[in-house]
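Take a look at the structure below.
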Amino acid sequence: MDARAVAEIAEIEVGTLNVWVQRGIIPGMSVGTRGRQRDIDLETAIFILVMAELVKIGFGAPAASQVAMYWRHWPRLLFARRPSKKDKDRPPEVVGSGVQTIFQVAALFDYVGFVSEEGLSDALRQFPDGPPSVYIIINTESLAARMRQAYHQWEQSQARKER
């Protein structure tokens, strides 16, 4: 699938996608020759869609990239901010400066995978300090299905063009 089609499905600008590639936060994609069409495989296209959805709700691109890496493991992912010892000692207004780097993300979040909404209460109980107060659920199954359908339609349109 070309970058323009992936960006359209993910509802991001092609320029944004190119910046993510240049920053090295799309696994398996490298900076190519300027002006050449990028061919993106289905797995990477799904990753980009998950990442784009996270960016739209406020994750920084590096953090979204780290979280999106888990999309293949479970149909649903529940992420919660990991309580840190430093946070417990700070006054609430100082906790979480809003600055995230790609290296901090793994230390900031715990995640639990689960199969369906019925498993949510069990997933919440998996956290060592008890159910988190704030969490985000990513329906990776739904996002993957959306991209698979678009990918299939794109392939069909390309086959018609070649005839």
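The values are calculated or read from the model by the stated rules, or taken from the named source; none is laboratory data. Keep in mind it's a predicted model, so treat the numbers as computed, not measured. Counting neighbours? That spans all protein chains shown, and the Cβs are built from the backbone with ideal geometry, glycine included.
The figures follow:
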read-out: Subset of the range 1-39 that is at pLDDT 95 or above and charged (D, E, K, R) - its residue that is nearest to Ala68 (Cα to Cα); value: Glu11
read-out: The range 126-157: number of residues that are in a strand (DSSP E or B) and in contact with a His (Cβ under 9 Å, 6 or more places away or on another chain); value: 0
read-out: Single unsatisfied condition, Glu118 versus (1) more than 18 Å from the chain's Cα centre (by Cα); (2) on the phi > 0 side of the Ramachandran plot; (3) modelled with pLDDT of 80 or more; value: (2)
